[in-house]
Amino acid sequence: MQVIAEHGSPMSAASLAVMPYADATVKETLRILPVVSVVGRTALKTFDIGGYTIPKASFMLGSEHKLLNIACTMRSMYMYMYKPQTQHDDSHAQA
């Protein structure tokens, strides 16, 4: 309520700037459930992965959802735990 009193409604960039935990919550939500299901990347150097050689400048597509599922399998359910504090930068904390 203090933020609305100071900045008014609706929300603005200025009001969000003083609510770092809200920003952290959005980032954590997007980490768990990404909006984009496929991400493209360009190889900066030639490298090997899974027995395949990926030449420099190759364009690759990867599934965010699949990567999250692999990480989940490797690190149990820890990956899917909702933890906005991991995105929270304490340097913006109000005293």
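The values are calculated or read from the model by the stated rules, or taken from the named source; none is laboratory data. Predicted, not measured: the structure shown is a model, and the values here were computed from it. Here Cβ is always computed from backbone atoms with ideal geometry, including for glycine, and neighbour counts include all displayed protein chains.
Put simply, of 39, 3 the only residue that is free of Cβ contacts under 8 Å to residues at least 60 places away in the same chain and in contact with a Gly (Cβ under 8 Å, 6 or more places away or on another chain) is 39.
On the basis of being surrounded by 12 or more Cβ atoms within 10 Å (Cβ to Cβ), in contact (Cβ under 8 Å) with a residue 60 or more places away in the chain and not polar (S, T, N, Q), does residue 24 make the cut? Spell out the reasoning first.
Working: surrounded by 12 or more Cβ atoms within 10 Å (Cβ to Cβ): yes; in contact (Cβ under 8 Å) with a residue 60 or more places away in the chain: yes; not polar (S, T, N, Q): yes.
When the stated conditions are applied, residue 24 passes them.
Return yes when residue 40 is at pLDDT 80 or above, at positive phi and surrounded by fewer than 10 Cβ atoms within 10 Å (Cβ to Cβ) and no when it is not. Talk me through it step by step, then tell me what you get.
Details: at pLDDT 80 or above: yes; at positive phi: no; surrounded by fewer than 10 Cβ atoms within 10 Å (Cβ to Cβ): yes.
In short, no.
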